[in-house]
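K.L.:
Can you keep this structure in mind? I'll have questions shortly.
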């Protein structure tokens, strides 16, 4: 399985943060990527600078015949269509789509790094991942999702709010 995480902490020409996420999911479907499941929607403070607007995040479990590189190219194109402009690392953005895990493959090149190198320290990735697959294990460390969540510091475990179950794929 392939797991993606979609986040937004700025409104765009499409509307609110949730509208950016919905548009991203609809765009992903247009590339023939099959969405199998979506997580709940979570809200977290912006990391690492909590003075920025809060993020909404959702995880999605997908199936695709694309290579990791082709998938990455498509999601970066979707981000641009929504209005993402790369400025400064960790700055507010209308859309951020990350490949979290691609069929358990471990690959690091100039273009791609999977699994996502910081997934194990990001509450906004781990909580949606647990919704998608409570039995998931990190492809490198083989740690279970619940153990990764337990390893987060207390602030990261409490600074996340489940807003709603997702019905975005319908």
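Read-outs: derived from the displayed coordinates by stated rules, not from any lab. Everything numeric in this text was worked out from a predicted model, so none of it was measured. Because the Cβ atoms are built from the backbone with ideal geometry, glycine has one as well, and the counts that use them run over all protein chains shown.
K.L.:
Within region 92-116, which residues have the backbone N less than 14 Å from the label spot 7 Å out from residue 73 along Cα→beta-carbon, could you tell me?
P.N.:
Under cut-off, by backbone N: 111-112.
K.L.:
Follow-up. Distance in nm between label sites at residue 111 and residue 19, each 7 Å beyond Cα in the beta-carbon direction?
P.N.:
Result for the modelled spin labels: 3.4 nm.
K.L.:
For the chain, what does -39500 (n - 2.57) per DSSP helix run (n ≥ 4), summed and divided by total residues, give at 222 nm, in deg cm²/dmol to the nearest 500?
P.N.:
-9000 deg cm²/dmol
K.L.:
OK, next. Pull out a ≥ b ≥ c, the square roots of the eigenvalues of the alpha-carbon gyration tensor of region 11-68, then state rounded if a/c is under 1.5, prolate if not and a/b is larger than b/c, and oblate in the remaining case.
P.N.:
Prolate is the answer for region 11-68, as a/c is 1.5 or above and a/b outweighs b/c.
K.L.:
Name all residues of region 36-63 having a backbone nitrogen under 15 Å from the label point set 7 Å from the Cα of residue 121 along its Cα→Cβ direction, giving them as ranges.
P.N.:
The answer is 47-49.
K.L.:
Between residue 54 and residue 143, what length comes free when the chain is fully extended (0.36 nm per residue of separation minus the Cα-Cα distance, one decimal in nm)?
P.N.:
Contour length minus the Cα-Cα distance gives 29.2 nm.
K.L.:
Pick from 104, 15, 83 the residue whose mean-square fluctuation is largest in a GNM of the chain, springs joining Cα atoms under 10 Å.
P.N.:
15
K.L.:
Full extension from residue 103 to residue 66: what is 0.36 nm times the residue separation minus their Cα-Cα distance, to one decimal in nm?
P.N.:
12.2 nm
K.L.:
Let me ask another. Rounded, prolate or oblate: which one fits region 61-119, using the alpha carbon gyration tensor with axes a ≥ b ≥ c (rounded when a/c is under 1.5, else prolate when a/b beats b/c, else oblate)?
P.N.:
prolate
K.L.:
While we're here: Classify the chain: rounded, prolate or oblate, from the alpha-carbon gyration tensor (a ≥ b ≥ c, eigenvalue square roots; a/c under 1.5 rounded; otherwise prolate if a/b is larger than b/c)?
P.N.:
Rounded.
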